[in-house]
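**Student:** Have a look at the structure that comes next, please.
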Amino acid sequence: SRQEIQKSFGLMPVTVIRNGYGRQLESHTAKVSGYDVSFIRAPVVTDIADTVETLAVHQETPVWLGYQKHRLSTFHAELNMDAPSPMHREFVSLV
């Protein structure tokens, strides 16, 4: 299948491949920072600027990133958690 590279919206200096793990059938759940999260048609980060902080990785790939006041995740943390995750707590602290 053809993978399509998509630039960010300019809020974070990164490059991602849309549906990098595959189509809907390749969606999966994995542990990230000790929490189960869902990768549903998730992008894969292929390039990040030195100024971007990697907050978590999955399969040796950055999946949660921070840059200035912005956060980026390639997963859905909200679908598998009963309690606030570190991702949610960080987001609330930024608001």
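The values are calculated or read from the model by the stated rules, or taken from the named source; none is laboratory data. Computed from a predicted structure; not experimentally measured. Here the Cβ is made from the backbone with ideal geometry for all residues, glycine too, and neighbour counts use every protein chain on show. All accessible areas refer to the heavy atoms of the entire protein, side chains included, with ligands and DNA or RNA removed. Shrake-Rupley method; radii C 1.70, N 1.55, O 1.52, S 1.80 Å.
**Student:** Return the residue satisfying two criteria in turn: it lies in the range 32-81 and is in a loop (DSSP other than H, G, I, E, B) and of a type in the set (V, I, T), and of such residues it is most open to solvent (accessible area, probe 1.4 Å).
**Tutor:** Filtering first and then ranking leaves T51.
**Student:** If you scan the range 18-31, which residues turn out to be open to solvent by 20 Å² or more (accessible area, probe 1.4 Å) and either assigned to a strand (DSSP E or B) or within 21 Å of P84 (Cβ to Cβ) (or both)?
**Tutor:** Scanning the range 18-31 gives H28, T29, K31.
**Student:** Let me ask something additional. Can you tell me which residue is surrounded by the most Cβ atoms within 10 Å (Cβ to Cβ) among those in the range 82-95 that are aliphatic (A, V, I, L, M) and assigned to a loop (DSSP other than H, G, I, E, B)?
**Tutor:** A83
**Student:** A further question on this structure: Hey, any hits in the range 72-87 for a residue that's at pLDDT 85 or above, under 24 Å from G22 (Cα atoms) and touching a Gly at 6+ places or on another chain (Cβ under 6 Å)?
**Tutor:** Taking every residue of the range 72-87 in turn, none turns out to be at pLDDT 85 or above, under 24 Å from G22 (Cα atoms) and touching a Gly at 6+ places or on another chain (Cβ under 6 Å).
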